[in-house]
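First comes the structure, then the notes that go with it.
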Amino acid sequence: SSNETYSGYKQNYEKIRLAKSWDQGFEKIVLEEEEEFDALWTDKNEYVTIITREGKGKKVKLSSFALQGRGGRGSSCMKLDSSDFIAAAAISQNNDSALICGKPNSICIPVEEITEQSKLGSGNKLIERSQVSTLAIIKVG
């Protein structure tokens, strides 16, 4: 879980999903969670989906980001205004969906409909007239 700092909440990957492995009917969910965890830790995710507070989003190949050690300076992936921020989530399959939560509107769109761009791409408008607060990937299949 994230540490209790501003950076911890803004920069760490966080996900909560209730699945009781001891109850019938949850086996598929538990297996999906195990696969997702393995993909995160074995670099099997192919893309990262990025969206700004203003609703501009894109898909970027993870391979375009250089691996950096502790103390690395980071890597630019989208130009932002000073008041904007980025929500990001790793994806391994294009048949997943992205849930974009905003005020007053939220949408769920197939990840395959999010344009693949370079790190320098500005993104496309994915949600109109809303301030995005959260991006979540929904596993389909």
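The values are calculated or read from the model by the stated rules, or taken from the named source; none is laboratory data. Just so you know, these numbers come straight off a predicted model, no measurement behind them. Counting neighbours? That spans all protein chains shown, and the Cβs are built from the backbone with ideal geometry, glycine included. Keep in mind that these areas ignore ligands, DNA and RNA; they rest on the heavy atoms of the full protein, side chains included. Shrake-Rupley method; radii C 1.70, N 1.55, O 1.52, S 1.80 Å.
Of all residues in the stretch 28-61, those being over 13 Å from the mean Cα position of the chain (by Cα) and either modelled with pLDDT of 70 or more or not in a loop (DSSP other than H, G, I, E, B) (or both) number 16.
Could you tell me whether any residue of the stretch 96-117 is among the small types (Gly, Ala, Ser) and in a loop (DSSP other than H, G, I, E, B)? So far as the stretch 96-117 goes, no, none of its residues is among the small types (Gly, Ala, Ser) and in a loop (DSSP other than H, G, I, E, B).
Residue count for the stretch 116-141, restricted to those that are over 16 Å from residue 54 (Cβ atoms), in contact with a strand residue (DSSP E or B) (Cβ under 9 Å, 6 or more places away or on another chain), free of Cβ contacts under 8 Å to residues at least 60 places away in the same chain and open to solvent by 60 Å² or more (accessible area, probe 1.4 Å): 3. Flag: residue 66 does not match the condition of being modelled with pLDDT of 70 or more and either under 19 Å from residue 133 (Cβ atoms) or in a strand (DSSP E or B) (or both). Which residue is surrounded by the most Cβ atoms within 10 Å (Cβ to Cβ), if the candidates are limited to the stretch 84-115 and must be within 16 Å of the chain's Cα centre (by Cα), more than 16 Å from residue 48 (Cβ to Cβ) and among the polar types (S, T, N, Q)? Taking the candidates together, the pick is 106.
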